[in-house]
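To keep things clear, I will list the structure first and then write my remarks on it.
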Amino acid sequence: MKRRKVEIIVSVLFNIILLYLIYTVLKTHMTSIIALSLAACVPLVDTLYHLIKDKKLDMFSSFIFLGIVLSIVAAWIGGDERFILLRESYVTGIMGLVFLFSLLAPKPMIYYFAMRFTSKKSVITKRWEEEVSFRHFIRIMAAVWGIGLIIEALVKVVIVYEFPISKALVISPIAQYIVIAILIYWNIHFVKQRKQKA
């Protein structure tokens, strides 16, 4: 259990915090696109490491890497001020679609997230194989997160195109945090509710 907690902390530090620090430092010395491209090597390295170590694709690192690649593409496209403000929303919307389309796969994206951040992999694997209700539970979470991310993207599109740029700069991030907070709150409540039923 202790070892698993250390692995989770290392994974978060490596894939998110280290990535952000590298990008923050590099963008003061070069263009944002180049800095982001170099920072993208962090989750890519982690994905390759797990691919070699476990002989299977690490979905968590791959998901983060995909998000960064989409951000780089959006940055290269350019556009007017409003389009630039919506870069993150395009990425968020696509990631939401990835969650939804993963429902068509044998296992949805959120299943791999759960596997990455749990110390009870064997339990989750067994429950997925044996319990229909558990598979339904996981798929509901994937669907809600997918829809939630798409809603967040659409809300930001409305804000950016309905408000002046100066106001959109302030309102847009607030709306983003509110939607994500609602999703996290729902997720925690949904998991607790299932545990109580169990």
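Below is a table of values for the structure above.
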item: Linear extension gain, residue 38 paired with residue 132, 0.36 nm per residue minus alpha-carbon span; result: 29.6 nm
item: Inter-label distance for residue 181 and residue 17, nm, one decimal - labels placed 7 Å from Cα along Cα-to-Cβ; result: 2.3
item: Label point at residue 195 placed 7 Å out along Cα→Cβ; residues across the stretch 94-126 whose backbone nitrogen lies under 11 Å; result: none
item: Set 121/156; 156/197; 121/192; 27/192 screened for pairs whose C-alpha atoms are more than 31 Å apart; result: 121/156; 156/197; 27/192
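Where a number appears in this text, it was derived from the coordinates with a stated rule and is not lab data. Fair warning: this is a prediction, and the values are worked out from it, not measured in the lab. Here Cβ is always computed from backbone atoms with ideal geometry, including for glycine, and neighbour counts include all displayed protein chains.
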